[in-house]
1. When you scan the range 464-475, how many residues do you find that are part of a loop (DSSP other than H, G, I, E, B), surrounded by 18 or more Cβ atoms within 10 Å (Cβ to Cβ) and within 15 Å of the ligand (Cβ to nearest atom)?
2. Just to be sure I understand, how many residues within the range 169-198 are within 16 Å of the ligand (Cβ to nearest atom) and open to solvent by 10 Å² or more (accessible area, probe 1.4 Å)?
3. Going through Arg353, Arg347 one at a time, which residue ends up being free of Cβ contacts under 8 Å to residues at least 24 places away in the same chain, under 30 Å from Ala161 (Cα atoms) and not small (Gly, Ala, Ser)?
4. With a cut-off of at least 3 residues that are open to solvent by less than 10 Å² (accessible area, probe 1.4 Å), name the helices (runs of 4 or more DSSP H) lying wholly within the range 1-115.
5. From the list Thr184, Thr213, Thr141, Thr208, exactly one residue is under 29 Å from Gly59 (Cβ atoms), in contact with a Cys (Cβ under 7 Å, 6 or more places away or on another chain) and modelled with pLDDT of 95 or more. Which is it?
6. Of the numbered conditions (1) in contact (Cβ under 8 Å) with a residue 12 or more places away in the chain; (2) more than 19 Å from Leu144 (Cα to Cα); (3) away from the ligand (no atom under 14 Å from the Cβ), Leu48 fails exactly one; give the number of that condition.
7. Is it true that Asn391 is touching a helix residue (DSSP H, G or I) at 6+ places or on another chain (Cβ under 9 Å), outside any helix (DSSP H, G or I) and open to solvent by 10 Å² or more (accessible area, probe 1.4 Å)?
8. Please state which one of Ala166, Ala139, Ala161, Ala157 is open to solvent by 30 Å² or more (accessible area, probe 1.4 Å) and either within 16 Å of the ligand (Cβ to nearest atom) or of a type outside the set (D, E, K, R) (or both).
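The values are calculated or read from the model by the stated rules, or taken from the named source; none is laboratory data. Here the structure is a predicted model, which means the values were calculated and not measured. Don't worry about glycine lacking a Cβ; one is built from the backbone with ideal geometry, like all the others, and counts go over all protein chains shown. Accessible surface is based on the protein model in full, side chains and every heavy atom, while ligands, DNA and RNA are left aside. Shrake-Rupley method; radii C 1.70, N 1.55, O 1.52, S 1.80 Å.
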Amino acid sequence: RGPGASGGPARGDLRVAVIGAGMAGILSAIKLREAGLDFVIYEKADRLGGTWRENTYPGIACDVPSHFYSYSFALNPEWTHRFAPGPEIRSYFEDVARRFGVASMIRYGTEMVRCAFEGGRWRLKTSDGSRDEADVVIAATGVLHHPAYPDIEGIDAFAGAAFHSARWDHDVPLAGQRLGVIGTGSSAIQIVTALVDRVGELSLFQRTPQWITPTPNAPFTEEEKAVFRAHPEAMQQIRQEVADRYIAGFSNHLSDMNSPELLLIHEICKTHLESSVKDPVLREKLRPDYRAGCKRLIMSAGFYDAIQRPNAKLVTNPIERIEPMGVRTRDGALHELDVLVLATGFRVDRFMRPMEVRGRGGTDLDTAWRAGPTAYMAISIPDFPNLFMLNGPNGPVGNFSLIDVVEREFAYIMQLVDQLRSGDCREISVSRGAMDRFDAERREAARHTIWASGCKSWYLDGDDLPTAWPWTYDRFRDEMRQPRLDDFDMR
Ligand code: NAP
């Protein structure tokens with residue numbers, strides 16, 4: 001390339017540091033390689049796969065259809081099911097990373113502990129004390145990453161095995177055991193459904209019931225897989241159809257809690273509950289008092305069957321404390337257990353932290369995010385130049401393919417990187433004015449979303465305002481096509 005509009009020299013030598021080798025980090029590496037940029041991926045663990053490496057609990061599967069939860073450029077004819085099990089997804093990412101030649105670019109066991117923008121470059125420090133420099137940092141560090149442990153008295157006193165759903169201890173035997181599960185999110189529902197027939201007794205401690213959409217998970221037949229191998233366009237077609245269906249029937253309507261589409265989903269969930277649960281007492285215990293979609297929708301065909309098994313018990317009396325023998329509820333009952341699973345979710349306000357991040361003039365991220373994490377278009381923060389996030393704060397994160405989201409975000413980021421490459425500028429981040437405007441509009445729109453319709457969930461910030469993308473998915477796609485460069489501070 002020749003000189004940029006501002007007359008600066010073109011820079012073909014940009015170095016990019018990607019943090020995290022999960023779905024978004026692998027995608028970044030593949031695209032950076034295609035673009036001919038120098039890059040490195042830092043990964044704190046000894047294996048790639050992000051959430052699919054961390055979460056290995058029994059029953060783990062992706063509740064987004066397999067051909068949609070795949071990179072658009074690496075469709076997979078071998079998916080065994082409509083909704084692929086977790087280990088298969090992890091293998092898929094490992095396989096793609098190898099096939100696209102980026103697996104060897106990952107520095108494993110190297111946690112990034114500090115990134116500071118000094119003298120026009122990012123100065124990086126890792127946990128082993130080594131240092132690096134980069135012109136651009138891409139934070140592909142995930143959202144649901146740091147386990148949230150419940151603040152329940154006596155939790156350390158439990159005599160049996162206790163662990164978080166994202167820290168599954170596979171050495172603990174389950175056959176015939178008395179298993180307790182705290183939580184009724186997507187993780188807990190998959191665990192309960194998978195384990196009820198393996199354990200002796202299962203107690204599910206429910207603080208809040210959940211709406212569940214009936215979602216059968218049929219396997220792909222050998223004939224279907226043969227068609228996919230011979231005609232990849234058949235997978236592309238499925239991907240497109242699923243995306244269109246999700247967007248038209250769901251994702252475009254989350255922004256309007258009164259939309260007929262969301263009311264229809266509510267009716268589907270209600271019918272699912274009423275036609276599946278026979279005992280009226282149990283049915284009412286399982287019936288949420290808020291709108292379907294307010295919390296993240298749970299997709300399951302088997303949960304209502306599982307919780308009606310003779311060895312399953314739904315405990316709705318609040319937990320008083322945990323004792324060596326089990327869980328004591330407020331009514332005085334002791335629910336004796338051998339194994340306790342904390343399916344209690346994640347700290348969703350962390351993003352790339354605990355890493356120390358310092359932008360221009362030493363601005364530190366904890367200070368910039370004092371009022372809660374925000375990012376323009378979920379990607380850029382004022383005064384943190386050449387730092388871009390994938391699946392950053394305020395992005396679309398509800399029951400949709402995060403792969404589709406990340407591919408669009410990455411294409412947008414590459415257009416910002418092109419401003420640097422062409423020499424048009426050496427530093428680029430959203431301007432303060434554009435950030436403030438985006439945030440004000442986001443906050444106003446958030447009040448009308450389904451997540452604000454009257455429930456608690458991880459979508460809400462400390463002021464109970466939904467933090468996710470509050471507009472339609474169509475708007476997200478439009479925004480991601482091309483950055484509005486006027487909104488950026490380019491130096
Ligand atoms: P979650 O949705 O945040 O659910 C946490 C559960 O723990 C809630 O039921 C919560 O109750 C309960 N809980 C937390 N603290 C508690 C306490 N002190 N006492 C009693 N109950 C307590 O977490 P998750 O199930 O791990 O799911 C998190 C997200 O991961 C999902 O929403 C989804 O985005 C993603 N995920 C996706 C899949 C997939 O198939 N794609 C699978 C699993 C997870 P309250 O509702 O009362 O707060």
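1. The total comes to 3.
2. Number satisfying all stated conditions: 9.
3. Sole residue among the options that is free of Cβ contacts under 8 Å to residues at least 24 places away in the same chain, under 30 Å from Ala161 (Cα atoms) and not small (Gly, Ala, Ser): Arg353.
4. 23-34, 86-99
5. After ruling out the rest, the residue left standing is Thr213.
6. Result: Leu48 fails condition (2) only.
7. Here the answer is yes, as Asn391 does meet what is asked.
8. Details: Ala166 fails: open to solvent by 30 Å² or more (accessible area, probe 1.4 Å); Ala139 fails: open to solvent by 30 Å² or more (accessible area, probe 1.4 Å); Ala161 fails: open to solvent by 30 Å² or more (accessible area, probe 1.4 Å).
Among Ala166, Ala139, Ala161, Ala157, only Ala157 is open to solvent by 30 Å² or more (accessible area, probe 1.4 Å) and either within 16 Å of the ligand (Cβ to nearest atom) or of a type outside the set (D, E, K, R) (or both).
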